[in-house]
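Written out below as structure tokens is the structure these notes cover.
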Amino acid sequence: MSRLPVLTLYTRVGCHLCEQAEAQLQALEYRYQPVDVDGAPELRARFGDDVPVLALGERVLLKGVLGRARLSALKVQLLREFRGDGQN
């Protein structure tokens, strides 16, 4: 089982970059929860048109084009941060 935390993917319906990001996240076996920014006024105000955004809690990890290379590098970083030896 992955040691990665569940991330949040801020997205919106009809966003082709968001769809591409989801496909890459699935291909790289990320655990994530998609959240439509248009579903809540505070999210729409926070992110505006800056989607997709990948976050861990309040920490924005990546935004914009979430290609395979960027997501792979992030996965290595997160695995180091959340390694299973209790030193995260």
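The values are calculated or read from the model by the stated rules, or taken from the named source; none is laboratory data. On a predicted model such as this, the values are computed, not experimentally measured, just so you know. Backbone-built Cβ (ideal geometry, glycine too); neighbour counts: all protein chains shown. With ligands, DNA and RNA removed, areas are computed over all heavy atoms of the protein, side chains included. Shrake-Rupley method; radii C 1.70, N 1.55, O 1.52, S 1.80 Å.
Below are the figures for this structure:
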| read-out | value |
| --- | --- |
| Using θ = phi - 60° and Karplus 6.51 cos²θ - 1.76 cosθ + 1.60, couplings along segment 29-40 (whole Hz; Gly, Pro as x) | 6, 6, 9, 8, 10, x, 10, 7, 5, 7, x, 8 |
| Extreme residue, positive dipole direction of segment 32-88, given options G57, V37, L74 (C-beta unit charges) | L74 |
| Relative contact order, percent, the chain [alpha-carbon distance under 8 Å, six or more residues apart] | 37 |
| Dimensions (Å) - the chain, Cα atoms, principal axes, largest first | 40, 24, 18 |
| Amide H within-cut-off set for L62, under 5 Å, with H built and near neighbours excluded | L54 |
| Gained length - K63 relative to Q20, 0.36 nm times residue gap less alpha-carbon distance | 14.2 nm |
| Carbon plus sulfur fraction of accessible area for the chain, probe 1.4 Å, in percent | 51 |
| Inter-label distance for V6 and E81, nm, one decimal - labels placed 7 Å from Cα along Cα-to-Cβ | 1.8 |
